[in-house]
1. Any residue in segment 67-77 that is farther than 30 Å from Leu125 by Cβ and of a type in the set (D, E, K, R)?
2. Restrict the check to segment 117-130 and report whether at least one residue is assigned to a helix (DSSP H, G or I) and surrounded by fewer than 10 Cβ atoms within 10 Å (Cβ to Cβ).
3. Just one of the numbered conditions (1) surrounded by 12 or more Cβ atoms within 10 Å (Cβ to Cβ); (2) under 30 Å from Gln131 (Cα atoms); (3) at pLDDT below 90; (4) not aromatic (Phe, Trp, Tyr) is not true of Glu78; which one?
4. Regarding segment 41-58, can at least one residue be identified that is in the same structural domain as Leu21 (by TED's automatic domain parsing), touching a residue at least 40 places away in the same chain (Cβ under 8 Å) and outside any helix (DSSP H, G or I)?
Amino acid sequence: MAHLKTKETRNDAIARKEWKLRLTRQLYEQGYERQDILNLFRFLDWMMELPEGLKQAFRVELEQYEQEKQMPYVTSIEQMGIEKGREEGREEERRSLALKMLQENIPLETIARITTLTTAELQQLQASQQQT
């Protein structure tokens, strides 16, 4: 069905999104095990590629459906990975901000207070920056 609908909606991204959502819902409604749903969804996701804007719309609609059915789309392990990535991003942003502030000769104590990095971390960052 996914293959047929992919061919059928080749030039109609909105219809493809609707079919992708319909087929994904059917996975839940057929009573498949969680891992089977994820595996089949990965296949659907690969086959029924959507433009970026419609990917986001699809995700929102699927999340609404899952909330109604009380079925999480993301496993707890996946959620932990997402959170870890976010934390790494925040850490990278703090370091980037600290580097800019160091270049402006702002006192270490001020930078530490703003970025929540320790003075020792800032000194290490400053030393590594001077080596490059």
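The values are calculated or read from the model by the stated rules, or taken from the named source; none is laboratory data. Because the structure is predicted, anything quoted here is derived from the model rather than measured. Cβ placement follows ideal geometry from the backbone for every residue including glycine, while neighbour counts extend to all protein chains displayed.
1. yes
2. Step one: of segment 117-130, the residues assigned to a helix (DSSP H, G or I) are 119-130.
Of the ones still in play, those that are also surrounded by fewer than 10 Cβ atoms within 10 Å (Cβ to Cβ) are 127, 130.
Looking through segment 117-130, at least one residue is assigned to a helix (DSSP H, G or I) and surrounded by fewer than 10 Cβ atoms within 10 Å (Cβ to Cβ).
3. Failed condition: (2).
4. For segment 41-58, residues in the same structural domain as Leu21 (by TED's automatic domain parsing), touching a residue at least 40 places away in the same chain (Cβ under 8 Å) and outside any helix (DSSP H, G or I): present.
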